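Right, one structure below, let's go through it.
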Amino acid sequence: MEPTQTVARRSPGRWLILLGILLSALTLSGIAASPAMAEEVSPAPAAEQTEEPTAPAEEEEFENFFTGNVTFEDEPLEGVRITVEGNGFEAETETDAEGKWRIGVPERATYEVTLDEDTLPEGVAVTEGGATVEAEFGLTGIKAVNFFIGEGERQTTGLFAQVLIRLVNGLNFGLLLALAAIGLSLIFGTTGLSNFAHAEMVTFGALMVLTFGVDLALPIWIAIAIAIVLSALLGWVLDAGLWKPLRRRGVGLIPLMIVSIGLSLALRYTYQFIYGGGTQQLPGATAPSDIQLGPISLSWIDIASMTTSIVVLVAVAYFLLRTRIGKATRAVADNASLAAASGIDVDRVIRIVWVSGAALAGLAGVLWAYFRPGVSWDMGFQILLLIFAAVVLGGLGTAFGALVGSLIVGLFIEMSTLWIPSDMKYVGALVVLIVVLLFRPQGILGRRERIG
């Protein structure tokens, strides 16, 4: 009987061990099952959240908002399009079933808020204050903008008037585009380099005006003059410190183009590091369009921009056609080896081209800052593709071809908005480029031997 009693005394210990193992297994299984349980429980909070109004996606991006409520005879109007534009930013939305709308903006500044009257019901129009309101934030990050809606006939602009307005805007844009494109075309013609950093030369001019005209509070015309001089100095530094040494080493055009891409990225993100990622306005950028020429409304900034562009372009044409350096520049662009054999200092001509091309790009940046309006770290990059399109369309390496190509691109971009959405207008310009090159690969004023 003793063995049996001994077993009986030891059995409680074994049961305790088995019980401990079982509890441990249950604990581990509970930990492993907790994610599944969380998945099963998670719908309950989600269901609770659906009861609260869902914030727009913009709330995650912006802290400042324009809001409003569009009603007619105390009845909400749904589907009315509202557009906010200014400081290089543009966004649109539509009113909901309660007639409410909200648009987030990146910074507190002055914006133009526009109600699209074409989206109002028949017989309903904006009766007071106009369909476009200039709105500015106060002490808070929310600004309410409302429109006076009532019965009435909508003031519509006829097709002929719309064509005239877009022609003027296209001409203005094409002229400032030509300033940048001519510099790029001359650089390509004399060196064979497709300079992707030309966009940052455009940005540099606008940033210098921002620095001296806003940060240092100098008179704007002095700030613009300083910006053009510094842009020319930038061109001299880049050629003397980078491009000329690479040319002397016999670096090929493809590596040079890659270097220009790297330089473009380096300069662009240096601008962002110094000036930040926001958009700032130059003095007078929001000048009212109070100069009326028939259906065309212009500001004094528009008049000054087009006048300046025309005067500078005429001066460039005179320089290329009448001056000795200009004739030497055209000779180097045609055949650098033959020009050198004729006694022309090719390096000196290329240096002059870099300086003048950078100065033109800087001036184009200033005018682009007023046309957008706004100054930002990547503003030149936004039109780089259009500059290249103008150069290729007009004819590679030809200054006058770049002028013609720029005018065509500028006019087509603005005119195309009569038929296609404004968001696609730049795409339309590239379609024109492709169509023209299919029939004339050398461009409008280019020569066949320049290709290949």
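Debye-formula intensities of segment 76-145, expressed as log10 I(q)/I(0) at q = 0.15 Å⁻¹, are -0.50 (one equal scatterer per alpha-carbon, no solvent).
Given 25 °C and 0.890 mPa s, compute D for segment 179-267 with the Stokes-Einstein relation, Rh being the Kirkwood radius over Cα pairs; round to the nearest whole µm²/s.
175
How much length, in nm to one decimal, is gained on full extension between ILE420 and TYR318, taken as 0.36 nm per residue of separation minus their Cα-Cα distance?
Gain on extension, ILE420 to TYR318, equals 32.9 nm.
Sorted ascending by nearby beta carbons within 10 Å, beginning with the fewest, TRP419, TRP243, TRP354 become TRP419, TRP243, TRP354. The value obtained for segment 222-320, namely the Cα convex hull volume divided by the number of residues, is 188 Å³ per residue.
Mind jotting down the distance between the C-alpha centroids of segment 202-259 and segment 298-325, whole Å? If we compute the Cα centre of each part, the gap is 20 Å. Highest mean packing comes first when the peptides 410-417, 318-325 are listed by Cβ atoms within 10 Å, giving 410-417, 318-325. For the pair segment 408-436 and segment 74-132, the centres of their Cα atoms are 26 angstrom apart.
Computed extension length for ILE434-ARG249: 63.0 nm, one decimal, from 0.36 nm per residue of separation with the Cα-Cα distance subtracted. Sparsely packed loop sites in segment 125-218 (the GluC sites (Glu not before Pro) outside DSSP H, G, I, E and B with at most 15 other Cβ atoms within 10 Å) comprise GLU153.
Every number in this text was worked out from the coordinates using simple rules, so none of it is lab data. Not measured: the values here are computed from a predicted model. Virtual Cβ from ideal backbone geometry, glycine too; neighbours counted across all protein chains shown.
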